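I have placed the structure first, in the form of structure tokens, so that the comments after it can refer back to it.
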Amino acid sequence: MYLNKPRSRFQKRQLIYYRDLLRELVVRDLKLLYKRSTLGIAWTLISPLLQLLVFTFVFRSVLLVNIPQYSSFAFSGLLVWTWTQSALFQATGLITGNRSLVRQPGFPITILPIVTVTTGLIHFLLALPILLIFLIVDGVQLNSTFWLLPFLLVLQFVLTVSFAYPLAALNVTFRDTQHTLGVLLQLMFYILPIFYDLNKVPDPYRSLFLLNPMVSLLESYRAILVYGTLPDWRSLLILAILSSILLPIGYRVFKRQSERFVEEI
């Protein structure tokens, strides 16, 4: 019993250390990201809003796409995708861009992908009030399903970290990973139902679309925010199981490769 007390105290101190370290690294990332920027963190809102203006003009005025509450529909998709897209792209440069931290003895390198995904989460939360304004303008009434939002945030966080770990490790050995991923993410942006309705996808291809875990996330976010309905629990359960499998695999890949990080950078 007495041996367990020092161990529990050590674990508690360790958790506090990781919490404080995570906070400091996230603050550092935010400062570096908007350093010498006149508008600063406002770019978090400006970029998706400009994209939304373009999509609204093209799909509502030119292509005459008939989607109710289109502003809320498209903006919700943009916010969800931007979080994952930016976090994964930045994850590929984590090790090569933090040489001083990686070479520091005793520094917990495994926290770096979590820092990047947490920074993306903060950007998402900062933009969320703007989405709520769009929902109000479009006449959408939030109901009890809105309280399921934290569950989706946790699920997306775990899924994004699961991919961030192997991508960060892979780019150390293969420096083309970041450029290749940038192209793939750009293609994914147009393939995902961000600015168009999944129901418009032809039936033979829809099953292929649903294999992408981001599709289930997008549809779930829209279900609780835009439509005020319950998400598809079966697809979310599959996504949760997939994330719980991918996270330890990605972590082990990163941990194994981290032994050679100092040599390769």
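All of the numbers you see were taken from the coordinates with simple rules; none came from a lab. Model, not experiment: these values are computed from the prediction. Neighbour counts are summed over all protein chains in view; Cβ atoms, including those assigned to glycine, are modelled from backbone coordinates with ideal geometry.
Working out 0.36 nm times the residue gap between Lys12 and Ile191, then minus their Cα-Cα distance, what length gain in nm do you get to one decimal? Mind dumping the intermediate values first?
Numbers: separation 179, 0.36 × 179 = 64.44 nm, distance 4.46 nm.
The span from Lys12 to Ile191 would gain 60.0 nm if fully extended.
Could you please rank Thr177, Thr84, Thr96, Thr229, placing first whichever residue has the fewest other Cβ atoms within 10 Å of its Cβ? Mind dumping the intermediate values first?
Values: Thr177 19, Thr84 24, Thr96 16, Thr229 11.
So the residues, fewest neighbours to most, are Thr229, Thr96, Thr177, Thr84.
Comparing Lys31, Lys200, Lys255 in a Gaussian network model of the chain, where Cα atoms under 10 Å apart are tied by springs, the biggest mean-square fluctuation is seen for Lys200. Against the chain, whose longest principal axis is taken from its Cα atoms, helix 233-257 shows a tilt of about 30°. Extension gain, Tyr205 to Ile133, is 22.5 nm, computed as 0.36 nm per intervening residue step minus the present C-alpha separation. Against the set (1) 81, 57, 37; (2) 63, 46, 43; (3) 59, 53, 35, the structure's computed Cα extents along the principal axes in Å falls on (2). Among Gln85, Gln141, Gln156, the largest mean-square fluctuation in a Gaussian network model of the chain (Cα springs under 10 Å) belongs to Gln141. Helix 4-33 and the longest principal axis of the Cα set of the chain meet at an angle near 50°.
Each residue, Gln141 and Leu30, gets one label point 7 Å from its Cα in the Cβ direction; the gap between the two is 3.5 nm.
For Ile249 and Thr173 in one chain, what is 0.36 nm times their gap in residues minus the Cα-Cα distance, to one decimal in nm?
Values: separation 76, 0.36 × 76 = 27.36 nm, distance 1.83 nm.
Extra length available between Ile249 and Thr173 comes to 25.5 nm.
Dipole magnitude for the chain: computed about the Cα centre from +1 point charges on Lys and Arg Cβ and -1 point charges on Asp and Glu Cβ, it is near 1100 debye. If the elastic network links every pair of Cα atoms under 10 Å, which of Val26, Val183, Val226 fluctuates the most in the Gaussian network model of the chain? Among Val26, Val183, Val226, the largest mean-square fluctuation in the Gaussian network model of the chain belongs to Val183.
Here's the list of aspartates and glutamates a cross-link from Lys255 could span, going by alpha-carbon distance under 16 Å and ignoring same-chain residues fewer than 8 apart: Glu263, Glu264.
Within straight-line reach of Lys12, meaning a Cα separation under 17 Å, sit the following aspartates and glutamates at least 8 residues removed in sequence or on another chain: Asp20.
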